[in-house]
Amino acid sequence: MSFLDKVKGMFGGAPASQTEIKAPAPATTKSEGVKVAKPKIAYVHLSGCTGCLVSLADTYEKLLDILGAVDMVYNLTLADARDLPEGKIDISIVEGAVCLQDKHSVHLIKEAPEKSGLVIALGGCSSTGCVCTFSRGGQANQPQHESFVPINKLVKVDAYIPGCPPSPEVIYNFCIAAVTGDTQYLAPFMAQNVGGYHCGCDLQTNIVQNSLCMGCGTCAGSCPTRAIEMEFGRPSFNNIRCVKCGACSAACPRMFLPVAEIQKKLMV
Amino acid sequence: MAFGKYKEVMALKAKDAKVTGVAQDGGVVTTVLCYALEQGIIDGALLAAKSETPWLPKPVVATTKEQIIAAAGTKYTISPNMSAIKSAAREYALDKIAIVGTPCQIYAARKMQLYPFGARHIADKIALTVGIFCTENFSYAGLKTVIEDHCRVPIESVTKMEIGKGKFSVKGAKDVAIPIKETHKYEQDGCHVCSDLTAEFADISTGSIGTPDGWSTTFTRTTRGSDLMKKALAAGLFDKKEMAEFAAPMGLAMLEKLETGKKDKAKKHVEERTALGLYTTPGIVY
């Protein structure tokens, strides 16, 4: 069973074969010696600032682990190809929101799930809309480019990595877990836990209003724009500063708690 | 397994009079942090320190022994220590950060180490986690209500608070103790889904339950925690007793009883929430 089948099986797709899943290696294990076929990766860049790609590169020498473990078949920033290559791709990693007035972007995002086994939204813009949410158009040199939406408005997304940008470490952990088939680690990246539309207000609705908050302050510590201050033990959101990247919701230990992962990887 | 995974459990009491004078119980957290700082194992710690408002703690990044000792003692209300972690790594440029917190804050730190969504180059600087036993916490207004309306003393006159032997007690201008039962309704509701009393995911966790006054029941849970504790013991910083010296109903029997109580209560609370159709954190009951 290929790594892709394992991951796909976890995300609800039918695995191609039913061979036994081997125990996954820890996410921190270097990829040398991992005997899996290199997955074909397309890095689909829509309307975003390239910060997510920079964050991926900000893993220093670990970037070589990632690049060594995959076959990067499409990446506008790093290679020449203008369009998704012909034939099947294993994973499309999407950075940026989709501009509804840009035919090329809409075509590209529609093509991504048709050509690839999995679609991963990397970063706030593709996961939640992030700062693109606030666009009202009227900017040179494409003033007609007005509305920018998270990619799940147009296509089914298999996993989300929120954050503006997501930290290099979480991108690294995700990539290594994906190529080693560490499904337990990957599970929280599925929609119900961290994806969809998340901003400070959602933390208020899902956690504080839902009487789950205990005031640890992780949301405030995770916010890239410092839009959250803790007041009397609860987050207080500055909704003008909030860019809707989703990091606070995803980091909140009351949103999901990876107990088994902590036990296995940290309690040693 | 009761008390989560651990390597050793022991009763400890700090020897340094400067620490025992200000500590809540055995002075374990303060002593361990000061020692770790001295040895270069950490270069700072996230702590709940005193603020200008009486008994309202504020998270601080402590980088000296004096600051650590000044922050000693339990404050029975929320201190969002994790909110200061970015500041510790960026403004204070710390490379080896210790985090002291309640079990839920240890959850947060551990989750951040595995899933550092918005924590660029921060989670890898967590060098030590010290957990404090916790049954539940109060909001500041809740704590004030307990002290001023139930104990009937002004909060600024209080010099120490304690929970133990079924009582919530305050010391200061006037010593008052009220049944702990009276305080239950002021607990923050977010605590009720939590089933961790002994900070099961900290490197070292400690608290008063199970040991006599002036002592702390202490677990070492990871190699990191255990190595540090062995060094601190070898340096003669603590008086140490085996937990077996405290026979039931004291000792670990008492801790297990309270822990089971917390776990059962959390399970029941989560079932009630689910019946109401409310979202509850996946993984929180285990």
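Run down the aspartates and glutamates and flag those whose C-alpha is under 12 Å from the C-alpha of B:Lys165, throwing out any fewer than 8 positions away in its chain.
Leaving aside aspartates and glutamates fewer than 8 places away in the same chain, those within reach of B:Lys165 are B:Asp213.
With the crude spin-label approximation of a point 7 Å out along Cα→Cβ, what separation in nm comes out for A:Leu64 versus B:Ala17?
5.9 nm
DSSP H helices in chain B with Cα extent of 24 Å or more along the helix axis and mean Kyte-Doolittle hydropathy at least -1.0?
Within chain B the helices that satisfy the rule are B:251-276.
Sorted from largest down, what three extents in whole angstroms do the Cα atoms of segment A:200-265 have along their principal axes?
Principal axes ranked by extent give 40, 23, 17 Å for the Cα atoms.
Over segment B:138-186, what relative contact order in percent results from Cα pairs under 8 Å that are six or more residues apart?
Relative contact order for segment B:138-186 comes out at 32 percent.
Looking only at chain B, where both bridge partners belong to it, what percent of the DSSP beta bridges are antiparallel (to the nearest 5)?
70 percent
Measure out, as a whole number of angstrom, how far apart the alpha-carbon centroids of segment B:132-198 and segment B:216-283 sit.
20 Å
With the alpha-carbon atoms as the only input, what is the per residue convex hull volume for the protein assembly as shown in Å³?
For the protein assembly as shown, the hull spanned by Cα atoms encloses 161 Å³ per residue.
What length, rounded to one decimal in nm, is gained on full extension from A:Gln184 through to A:His107, with 0.36 nm per residue of separation minus their alpha-carbon distance?
Result: 24.4 nm gained on full extension.
Could you check the spin-label model distance between B:Lys257 and A:Arg136? Points 7 Å from the Cα along Cα→Cβ, value in nm.
Computed distance between label sites B:Lys257 and A:Arg136 equals 6.5 nm.
Round to a whole angstrom and tell me the spacing of the C-alpha centers of segment B:1-74 and segment B:87-124.
Each part's Cα centre sits 17 Å from the other's.
Please work out the FRET efficiency for the pair A:Ala37 and B:Asp124, using the Cβ-Cβ distance as r and a Förster radius of 25 Å; give the result to the nearest 0.05.
Plugging the Cβ-Cβ distance into 1/(1 + (r/R0)^6) gives 0.25.
Give me the dipole magnitude in Debye, nearest 20, for chain B about the Cα centre, with unit charges on the beta carbon: positive for Lys and Arg, negative for Asp and Glu.
The calculation lands at about 200 debye.
Determine, from the Cβ-Cβ distance of B:Ala93 and B:Lys160 and an R0 of 35 Å, the FRET efficiency 1/(1 + (r/R0)^6), rounded to the nearest 0.05.
The computed FRET efficiency comes out at 0.50.
Give the residue from A:Ala251, A:Phe232, A:Val268 lying farthest towards the positive end of the charge dipole for segment A:120-268; charges sit on Cβ (+1 for Lys and Arg, -1 for Asp and Glu) and the dipole is referred to the Cα centre.
A:Phe232
Treating only the Cβ of Lys, Arg, Asp and Glu as charged (+1, +1, -1, -1), what charge dipole size does the protein assembly as shown show about its Cα centre? Round to the nearest 20 debye.
540 debye
Other chains' Cβ within 10 Å of B:79-90 residues: what's the mean?
Going residue by residue through B:79-90 and averaging, the value is 6.
With the dipole of chain B worked out from charges on the C-beta (+1 for Lys and Arg, -1 for Asp and Glu) around the Cα centre, which of B:Thr274, B:Val285, B:Met112 lies farthest toward the positive end?
About the Cα centre, the residue reaching furthest to the positive side is B:Met112.
Determine one quarter of the surface area of the Cα convex hull of segment A:117-246, which equals its mean projected area, and express it in nm² to one decimal.
9.4 nm²
Which residues among segment B:56-81 fall inside the zone where the amide N is under 20 Å from a point 7 Å beyond the Cα of A:Glu229, along Cα→Cβ?
Counting only backbone N, you get B:56-61, B:78-81.
Could you tell me the ratio Rg/Rh of segment B:138-186? Both radii from Cα atoms, Rh via Kirkwood.
Checking Rg against Rh, the ratio lands at 0.91.
For the pairs B:Lys160/B:Lys230; B:Lys18/B:Lys58; B:Lys86/B:Lys167; A:Lys265/B:Lys13; B:Lys15/B:Lys144, flag any whose C-alpha to C-alpha distance is greater than 28 Å.
Pairs exceeding the cut-off: B:Lys160/B:Lys230; B:Lys86/B:Lys167; A:Lys265/B:Lys13; B:Lys15/B:Lys144.
Calculate, for B:Glu38 and A:Leu154, the FRET efficiency according to 1/(1 + (r/R0)^6) with r their C-beta to C-beta distance and R0 41 Å; round to the nearest 0.05.
E between B:Glu38 and A:Leu154, to the nearest 0.05, is 0.10.
Leaving out same-chain residues fewer than 8 places away, which lysines sit with a Cα under 22 Å from that of A:Lys110?
A:Lys8, A:Lys40, A:Lys88, A:Lys153, A:Lys156
Please list the equivalent ellipsoid semi-axes of chain B, computed as the square roots of five times the alpha-carbon gyration tensor eigenvalues, in descending order and whole angstrom.
In descending order the semi-axes read 26, 23, 21 Å.
For A:Lys264, which lysines qualify as cross-link partners when the Cα separation must be under 19 Å and same-chain residues fewer than eight apart are set aside?
A:Lys22, A:Lys30, B:Lys5, B:Lys7, B:Lys111
Test of understanding: what is the full-extension gain from A:Asp83 to A:Thr50, defined as 0.36 nm times their sequence separation minus their Cα-Cα distance?
Stretched out fully, the A:Asp83 to A:Thr50 stretch lengthens by 10.1 nm.
Report, please, the projected area of segment B:84-188 averaged over directions, based on the convex hull of its C-alpha atoms, in nm².
Dividing the Cα hull surface by four gives the mean projection, 8.2 nm².
Taken together, the values in this text are just the output of simple stated rules run on the coordinates, not laboratory data. Quick caveat: nothing in here was measured; it's all calculated off a predicted structure. A quick note on method: Cβ atoms are made from the backbone with ideal geometry, for glycine too, and the neighbour counts reach across all protein chains shown.
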